[in-house]
Amino acid sequence: MTVCGVTDPVVVTIGGVLGEGERITADGTASIDRYAFGVKKARGMAARRLKITLDIVASR
């Protein structure tokens, strides 16, 4: 992931994958430390670690 010009790998945990015909859906989560990307504004108002939820759909 690249934020504010800083690139850092992010581990995504896949919760499930479902194939239906020519379509595949998946869901996952990741935890991002915004300080690692230099995003330090709003300290005390926003959490340091943010949880991201992904819903992915792919089709042919």
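Along the Cα-to-Cβ line of residue 59, 7 Å from the Cα, sits a label point; which residues in the stretch 10-42 have backbone N less than 15 Å from it?
The answer is 19-26.
Given the Cα-Cα distance of residue 41 and residue 13 and 0.36 nm per residue of separation, how much length would full extension add, in nm? The partial results should precede the final answer.
Details: separation 28, 0.36 × 28 = 10.08 nm, distance 2.73 nm.
Additional length available on full extension: 7.3 nm.
Could you give each residue of the stretch 14-25 its phi-based ³J(HN,Hα) in whole Hz, using Karplus coefficients 6.51, -1.76, 1.60 with θ = phi - 60°, and x for Gly or Pro?
Here the 3J(HN,Hα) series is 7, x, x, 9, 9, x, 10, x, 9, 10, 10, 10 Hz.
What does DSSP give for the chain in terms of the percent of beta bridges that are antiparallel, rounded to the nearest 5? Before the final figure, lay out each step's value.
Numbers: 20 of 21 bridges.
Of those bridges, close to 95 percent are antiparallel.
How long are the semi-axes of the equivalent ellipsoid of the chain, defined as square roots of 5 times the Cα gyration tensor eigenvalues? Whole Å, largest first.
Values: eigenvalues 182, 30, 15 Å².
One finds semi-axes of 30, 12, 9 Å for the chain.
Out of the total accessible area of the stretch 2-51 (probe 1.4 Å, heavy atoms of protein only), what percent is carbon and sulfur? Spell out each step's value before the answer.
On the way: 2090 of 3760 Å².
Roughly 56 percent, rounded to a whole number.
Quick one: ranking 45, 1 by accessible area, 1.4 Å probe, largest first, what do you get?
Details: 45 170, 1 95 Å².
If we order 45, 1 from most to least accessible, we get 45, 1.
The values are calculated or read from the model by the stated rules, or taken from the named source; none is laboratory data. All of these numbers come straight from a predicted model, not from anything done at the bench. FYI the Cβ positions are ideal-geometry reconstructions off the backbone, even for glycines, and counts take in every protein chain you see. Ligands, DNA and RNA are excluded from the accessible area calculation, which covers all protein heavy atoms including side chains. Shrake-Rupley method; radii C 1.70, N 1.55, O 1.52, S 1.80 Å.
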